[in-house]
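For reference, the structure is listed below as structure tokens.
Every number in this text was worked out from the coordinates using simple rules, so none of it is lab data. What you are looking at is a predicted structure, and each value in this text was computed from that prediction instead of being measured. Every residue, glycine as well, gets a Cβ built from its backbone with ideal geometry; the counts of neighbours run over all protein chains shown.
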Amino acid sequence: MLDYISKIGWYILSNKKRYLIIVILLLLANIIDVIPAQLIGKTIDFINDGTMTQVLMWQIIGIFLVIIVLSYVFSYIWAYLLFEGAIKIENILRSRLMKKFLIFSPTFYEKNKTGDLMAKSTNDLRTVNMATGFGIITLLDSTTFLLTIILVMGFTISWPLTIFALIPLPALAIIESKLGKKINKAHKSAQESFGVMNDAVLEVVEGVRLTRSYVQEEAEAGRFHNLTESYLKKFMRTKRLDAFFQPLTIIVVSISIAISFGYGAVLVNNGGMTVGQLITFNVYLNMLIWPMYALGMLFNIMERGNASYDRIQGVLDEVDVLDETGDQSVSDTGLSFKDVTFKYPLSTHNNLEDITVELSKGETLGIVGKTGSGKSTFIKQLLRIYPEASGNLLIDGQNISTLDRQSLRDKLGYVSQENILFSRTVKENILFGKEDASDEELKSAIELSAFDEDLKRMPEGLDTLVGEKGISLSGGQKQRISIARSLIKDPDILILDDALSAVDARTEARIINHIRTHRQGKTTIIITHRLSAVHHADKIIVLEKGRIVESGSHEALSKAGNWYSEQNDYYLTGGDMS
């Protein structure tokens, strides 16, 4: 419990005025709440003594009404302030998580499943909200109210009776503390299971067409059923532990009430206290049910919040593998790979080895090779999304590690193989490359990517919704929207990573023609499986197992009699490159 409070101490300290007001109002509300029991006892004594009058009765009723109104006002204000604070810490943590998700390199996502990250961004944040809101309410209210009642019982009625009646309470605190630790462990396990189940849902939704095509609906449903059963068992274990709190509280308070009636009767017979005081004392004991039960819930809520906060903090404490120390800006866009060797963090062998190539500003580089030869890995070095390779990768004559990553990426336009589109309109997807682009720039990008004819056939034109991940578009349309998104940025270095694979030869030729004429003086890198896309390139390299095995112009490589020449001859006779 205190562990969780210390972890969110940074938030409480930054909002100390809010929490000071909450504590003051809470104390006032607690003092007011113990007055009615005193009035009940006094009223009973007045009736027994025969001193109750009509005026006195109306005075007591008036005091009751004032107490009710004041209790409501104070409780409303402090509860509002506290829950507002809980929502704010949830928003702060959510924003920090999203910021982390946006800057993490692919290595992080290789180690963490999407479903588990979603669980941390939803369930765990809600649990932290609950712990910071309802948990702190419970902590402040139960402890201050409990202390207030005990002090009032002792000072206004009888300390000996108070001490005897509260003997069972320490046992309850010890049991609840042990239960809280078990709940922490069970909750962590349940949340991890929820993350696995979340990930399975994503896979099922994304692969539903593949599942149907292979008639695997029943198998997938069975696999998901097993995951939900596993989550249910772990969740119900947490709930079973939760269920112990209320019965334990009622049993302990009932024992206290039994003690108070027994010993209290003795005190009344001996003249040590009045009947009204005994009734007032037992009203206070009944009022203890809430703070004692609340303390039980407090252990539960705080341990859950502690477990969830640790899961969230684990992401926030994660250090990106990329070095962010570079601060040099990029002016020129000449590229130079000198003996560059690179291995993915989880790989067992070099994925690029001894890569050396020079590319001056304004030149076009074509990269070809067999599937898995390292073509995409080559250009990922320019994007700085993985740790720095050995050797020297220079841009504008500066090592890439010294360059500011944001400045570098501002110079780049990258069209990936995946062609990721957002669930927005065609226009919004294209303008993602440059939000403040003019209508003329938008029109030019659409024409350069050869998407203008397709756009005319769309019912809503630029306002056509593409669906989730562009599901309503063909592969070629998605590729061309991705190309338009990159071209509207007019980058100094344009990288096309197999970005023309889903378009026909005529459309490909049109796009390549537009890029050649429109991008004169700017650097272009084209990765492709179709040699026709790189015939015009100033330099072409052929990769195999991460090494450059051929390099030169199209004319020179076509006559060399090696892999490029064989593939070119095969392509010219109507075959496909393989």
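Phi angles across segment 12-20 convert, under the Karplus curve 6.51 cos²θ - 1.76 cosθ + 1.60 with θ = phi - 60°, into 3J(HN,Hα) values of 4, 5, 6, 10, 4, 5, 4, 6, 5 Hz, Gly and Pro given as x.
Considering only LEU65, ALA29, SER213, the residue lying farthest towards the positive end of the dipole of the chain is LEU65, judged by Cα position with unit charges set on Cβ. Here the label points at LYS16 and TRP563, each 7 Å from Cα along the C-beta direction, are separated by 6.7 nm in the simple model.
Pairs exceeding a 26 Å alpha-carbon distance, out of LYS361/LYS545; LYS120/LYS234; LYS99/LYS120; LYS478/LYS522; LYS88/LYS411: LYS361/LYS545; LYS88/LYS411. Between THR341 and SER376, the FRET efficiency from the beta-carbon distance, with R0 = 22 Å, is close to 0.85. Each Lys and Arg Cβ is given +1 and each Asp and Glu Cβ -1; about its Cα centre, segment 489-578 then shows a dipole of about 260 debye. Quick one: Debye curve from the C-alpha atoms of segment 174-264, no solvent, what's log10 I(q)/I(0) at q = 0.21, 0.22, 0.23 Å⁻¹? Treating every Cα as an identical point scatterer, log10 I(q)/I(0) equals -0.97, -1.01, -1.05. Working from label points 7 Å from Cα in the Cα-to-Cβ sense, the VAL357 to ARG209 distance is 3.2 nm.
Taking label positions 7 Å along the Cα-Cβ direction at both GLU217 and ALA502, the computed distance is 2.6 nm, reported to one decimal.
Per-residue Karplus couplings for segment 72-80, computed as 6.51 cos²θ - 1.76 cosθ + 1.60 with θ equal to phi - 60°, are listed in order as 5, 4, 4, 5, 4, 5, 6, 5, 4 Hz, Gly and Pro entered as x.
Taking 0.36 nm per residue of separation and subtracting the Cα-Cα distance, full extension of the segment from SER105 to ASP3 would add 33.6 nm.
Between THR517 and SER551, how high is the FRET efficiency from 1/(1 + (r/R0)^6) when r is the Cβ-Cβ distance and R₀ = 35 Å? Nearest 0.05. Efficiency, from the Cβ-Cβ distance: 0.85.
In the chain, a dipole from Cβ-located charges (positive for Lys and Arg, negative for Asp and Glu) runs towards its positive end, and of TYR19, GLN417, ILE157 it is ILE157 whose Cα lies farthest in that direction.
Its convex hull of Cα atoms gives segment 2-315 a direction-averaged projected area, equal to a quarter of the hull surface, of 20.9 nm². Residues of the chain were split at every exposed loop site, defined as GluC sites (Glu not before Pro) in a DSSP loop with at most 12 other C-beta atoms within 10 angstrom, and the longest piece left, sites excluded, is 1-323. The value of relative contact order for the chain, using C-alpha pairs under 8 Å at least six residues apart, is 14 percent. Diffusion coefficient of the chain by Stokes-Einstein, Kirkwood radius over Cα pairs, 20 °C, 1.002 mPa s: 71 µm²/s. Evaluated with a Cβ-only charge set (Lys, Arg +1; Asp, Glu -1), the chain carries a dipole of roughly 1440 debye about its Cα centre, given to the nearest 20. From helices alone, the chain scores -20000 deg cm²/dmol at 222 nm; the rule is -39500 (n - 2.57) for each run of n ≥ 4 DSSP H residues, then divide by the residue total. Of the options GLN479, SER6, SER501, report the single residue whose Cα projects farthest towards the positive end of the charge dipole of the chain (beta-carbon charges: Lys, Arg +1; Asp, Glu -1). Going by the Cα projections, it comes out as SER6.
The length gained by stretching the chain between LYS185 and PHE422 to full extension, at 0.36 nm per residue less their Cα-Cα distance, is 81.5 nm. Of all DSSP bridge pairs formed entirely within the chain, close to 50 percent run antiparallel. Residues PHE378, PHE74, PHE194, PHE244 in ascending order of nearby Cβ atoms (within 10 Å, fewest first): PHE244, PHE74, PHE194, PHE378.
Placing unit charges on the Cβ atoms only, positive for Lys and Arg and negative for Asp and Glu, gives segment 2-315 a dipole magnitude near 880 debye about its Cα centre.
Computed from the C-beta positions of TYR72 and ASN48, the FRET efficiency with R₀ = 25 Å rounds to 0.20.
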